[in-house]
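The values are calculated or read from the model by the stated rules, or taken from the named source; none is laboratory data. Remember, it's a predicted structure, so these values are computed and weren't measured experimentally. Cβ sites come from the backbone with ideal geometry, for glycine too, and all protein chains shown count toward neighbours.
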There are 2 protein chains.
Amino acid sequence: MKPSPLPAEFPVVGIVGAGQLARMSAPPAIALGIRLRVLAETPDDSAAQVIPDVTVGDYRDLGTLREFAAECDVITFDHEHVPTEHLQALEADGVLVRPGSAALVHGQDKIVMRERLGAAAVPVPRWAPVRTAADLDAFIATTADGTAILKTARGGYDGKGVRLVRTSADALDWLGGESGPAVPLLVEERVEFSRELSVLVARSPSGQAAVYPVVESVQLDGVCREVYAPAPGIHESHALAAQDAALRIAQDLEVVGLMAVELFDTADGVLVNELALRPHNTGHWTIDGAVTSQFEQHLRAVLDLPLGLPDQLAPNSVMVNVLGGDLAAIYPAYLHCMARDPALKIHMYGKPVRPGRKIGHVTVSGSDIVDLTVRARHAAAFLRGDINE
Amino acid sequence: MKPSPLPAEFPVVGIVGAGQLARMSAPPAIALGIRLRVLAETPDDSAAQVIPDVTVGDYRDLGTLREFAAECDVITFDHEHVPTEHLQALEADGVLVRPGSAALVHGQDKIVMRERLGAAAVPVPRWAPVRTAADLDAFIATTADGTAILKTARGGYDGKGVRLVRTSADALDWLGGESGPAVPLLVEERVEFSRELSVLVARSPSGQAAVYPVVESVQLDGVCREVYAPAPGIHESHALAAQDAALRIAQDLEVVGLMAVELFDTADGVLVNELALRPHNTGHWTIDGAVTSQFEQHLRAVLDLPLGLPDQLAPNSVMVNVLGGDLAAIYPAYLHCMARDPALKIHMYGKPVRPGRKIGHVTVSGSDIVDLTVRARHAAAFLRGDINE
């Protein structure tokens, strides 16, 4: 256990989880001379392929986490699935856990998050906890359109753990009959939003914060598909409100590291929908489109180094996710994509192709948002195998 | 041995040598999903710290090279010290060696290079091979100022293998008495140049070429210290001549991969001074300052993928090398440098600090070249320990 927050030598950052977020942390770590260790589920995980120092083990096992943390100066996360009580145990051991368990729980548990944001007067969709079918039906009865969004408080991502309901009969499996829900549930009103927004903010233990431009994200079936940076034509007061909310939440929760705040843009202003206390899909454009990428920023924040400039390098960047599709072998498609667009930045995650799975992303930057969007979409569709011109 | 120039799956690029150039190749390889293997001299080499697939072995041993190459789709180089005959043997085995031995020798042997450039009518400083003291004195007698530059044909870099001479008596150790020089020597006139320039060009096996903007480099004691991209105020005809020379040389030598062409800018035009058939110190600014970094471009070229756009992301980038100095521990200096300049891009090579050794570099990009230069110099001096404000 190393209590010093700022090591005298180049520090070791341990990342629990070895998915694409950990993988994309490797390039800035290499540049900065910071050493990474990852706790992977398998030796073939996305990040385990590219980082030399890999431990294969179960992040749900406290002993494994303790052994892993003992060889790191600070630990941080590729995902939010580490049990809160394990994080608390590590902190009690003296491990620098960043973000800390008290902040991270707001990215793990939507009920805790909603309660906290409400207490801090951050605008959120109307919501209620759900313990019984009657709770759910009572909430639905108050909505304008007779529908609502039912969510599991924990474990949801990429559209999982989210369901549109019109009656409690639509969710009997989740509600669990007389014994009650197997996992805590909450219900929200369906918000009439004009678009979805995201703001990245980084905060260091010293309290320094840096906020990125507000971006627009396009979700399909709960999965982020496209991101426009900055959000095209956003009302300036809405953009400022979104950045202000992100900064206030980061300070209120004492977040350390990067946090993504997802919001709904509505006629009446912005509403905070989700928090993720880690680098986020809506920030992948920063690798090629910002002075400091979200991955570098996260490393700087968890190490309590001064934060980098979050400014854009070009007026606009467009990112499109590459989902697994019909192309079993992606590599030959490179030839076409690179030849067609020499300014295209391709990022692959080293993951086997499975339909609908995020296997990479592409980013293009410039000034003509329509042109950028057409180019990024084309490349992503070609890498997916949807088109074959 | 895999004869196909374009693998169906993500290929393995083997890099002979594991210095900082191999290290800086890792980030674009991670993004592109290209796997790297390095042949390192020690497990602690700069690139061996950050790339999982490391073989420790002697690049002067053909058997070692053969075993290494057998597990790669293509091999390329961190340095130019692999014996030419070994490269030829690998090629005879069917290994894809890129650049090939026939091209690479022009980056290894200055006599071969000068003869070839002369034959191709590329302007070079006046020169002659030196076998005896009389050869050297005869050349010096023809110079305007009675001095000349004596060089070893092979093995020189960063000012090593280069000596200013006024008479053969200044180089008796190299001339070797009656037995003749231990290594082939050449002598050149001292060129009255206004500044030193460098042009990066990449060429793929298909013959596609991409040339970067002409940069100015500042050398001190034969070591590159600063690079300005693009070369400030360069006469447009000189810039075009430099790019044209680089493209012609790349085509004439059938270079594959990246080549750096170093030139003297004189009142009468540009003269080609050196060639390096690999990513080069004068191209480090491209990591942060160009759409496609020299390291990504080299990987794309050796894999015969279409080349990326070499355009600058900002009007100007300034790179300053960080040399080993008085600071034993660099990491704490980060705090100062990052706090002072949030737009600074710091790159460290993971090398132990030794006086004068290149241990990293910094780059800043923007529009005011004077401001950028002041900031980059300050950061490099602070990381070196020269200043401590």
* Structure fact -> Given (1) among the hydrophobic types (A, V, I, L, M, F, W, C); (2) in a helix (DSSP H, G or I); (3) buried (at least 24 other Cβ atoms within 10 Å of the Cβ), residue A:18 misses just (2)
* Which of the residues that make up the range B:219-233 are modelled with pLDDT under 95 and of a type outside the set (Asp, Glu)? -> B:219, B:220, B:222, B:223, B:224, B:225, B:233
* Asked: Taking the range B:31-47 only, how many residues are within 8 Å of another protein chain (Cβ to nearest Cβ) and either assigned to a strand (DSSP E or B) or under 16 Å from residue A:35 (Cα atoms) (or both)?
  -> 1
* Asked: Does residue A:83 satisfy the criteria of being within 14 Å of chain B (Cβ to nearest Cβ) and not β-branched (Val, Ile, Thr)?
  -> no
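In this structure, is residue A:71 closer than 25 Å to residue A:305 by Cβ and touching a residue at least 24 places away in the same chain (Cβ under 8 Å)?
Numbers: closer than 25 Å to residue A:305 by Cβ: yes; touching a residue at least 24 places away in the same chain (Cβ under 8 Å): yes.
The answer is yes for residue A:71.
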* Kindly indicate whether residue B:57 is modelled with pLDDT of 95 or more and closer than 17 Å to residue B:86 by Cβ. => yes
* Out of the residues in the range A:203-221 that are part of a strand (DSSP E or B), in contact (Cβ under 8 Å) with a residue 60 or more places away in the chain and in contact with a Pro (Cβ under 8 Å, 6 or more places away or on another chain), which is nearest to the other protein chains (Cβ to nearest Cβ)? -> A:210
* Asked: With the range B:229-348 as the region, which strands (runs of 3 or more DSSP E) entirely inside it contain at least 2 residues that are within 14 Å of chain A (Cβ to nearest Cβ)?
  -> B:316-323, B:345-348
* Structure fact -> Scanning the range B:349-389 residue by residue, those assigned to a helix (DSSP H, G or I) and in contact (Cβ under 8 Å) with a residue 60 or more places away in the chain turn out to be B:369, B:373, B:376, B:377, B:380, B:383, B:384
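Here are B:138, B:128, B:103: which of them is small (Gly, Ala, Ser) and outside any helix (DSSP H, G or I)? Don't jump to the end; show me each part of the working.
On the way: B:138 fails: outside any helix (DSSP H, G or I); B:103 fails: outside any helix (DSSP H, G or I).
After ruling out the rest, the residue left standing is B:128.
Of everything in the range A:118-177, what is among the basic types (Lys, Arg), under 25 Å from residue A:197 (Cα atoms), touching a Gly at 6+ places or on another chain (Cβ under 9 Å) and surrounded by fewer than 17 Cβ atoms within 10 Å (Cβ to Cβ)? Give them in sequence order. Full working, then the answer.
To start, the set of residues in the range A:118-177 that are among the basic types (Lys, Arg) comprises A:126, A:131, A:151, A:154, A:160, A:163, A:166.
After this cut, where a residue has to be under 25 Å from residue A:197 (Cα atoms) as well, the list is A:126, A:151, A:154, A:160, A:163.
Okay, now just the ones that are also touching a Gly at 6+ places or on another chain (Cβ under 9 Å), so A:151, A:154, A:160.
A:160 - this is the single residue of the range A:118-177 that is among the basic types (Lys, Arg), under 25 Å from residue A:197 (Cα atoms), touching a Gly at 6+ places or on another chain (Cβ under 9 Å) and surrounded by fewer than 17 Cβ atoms within 10 Å (Cβ to Cβ).
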* Structure fact -> Over the range A:359-384, the set of residues surrounded by fewer than 19 Cβ atoms within 10 Å (Cβ to Cβ) and within 14 Å of chain B (Cβ to nearest Cβ) is A:366, A:367
* Which listed residue, of A:366, A:350, A:360, is over 21 Å from residue B:295 (Cα atoms) and assigned by TED's automatic domain parsing to the domain that holds residue A:226 -> A:366
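Just the residues that are within 12 Å of chain A (Cβ to nearest Cβ) and out of contact with any Gly (no Cβ under 6 Å at 6 or more places or on another chain), please, taken from the range B:48-60.
As a first pass, look at the range B:48-60 and keep what is within 12 Å of chain A (Cβ to nearest Cβ): B:48-54.
Within the range B:48-60, B:48, B:50, B:51, B:52, B:53, B:54 meet the criteria.
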* To do: Being in contact (Cβ under 8 Å) with a residue 24 or more places away in the chain, in contact with a strand residue (DSSP E or B) (Cβ under 8 Å, 6 or more places away or on another chain) and among the charged types (D, E, K, R) is the filter here, so list the residues in the range B:134-165 that pass it.
  => B:135, B:151, B:158
* Which number in (1) buried (at least 20 other Cβ atoms within 10 Å of the Cβ); (2) of a type in the set (A, V, I, L, M, F, W, C); (3) touching a residue at least 40 places away in the same chain (Cβ under 8 Å) marks the one condition that residue B:105 misses? -> (3)
* Structure fact -> Quick count over the range A:21-79, residues being among the basic types (Lys, Arg) and either crowded, with 24+ Cβ neighbours inside 10 Å or not assigned by TED's automatic domain parsing to the domain that holds residue A:90 (or both), is 1
* Restricted to the range A:178-191, and to residues that are in contact with a Leu (Cβ under 8 Å, 6 or more places away or on another chain) and assigned to a loop (DSSP other than H, G, I, E, B), which residue is surrounded by the most Cβ atoms within 10 Å (Cβ to Cβ)? -> A:181
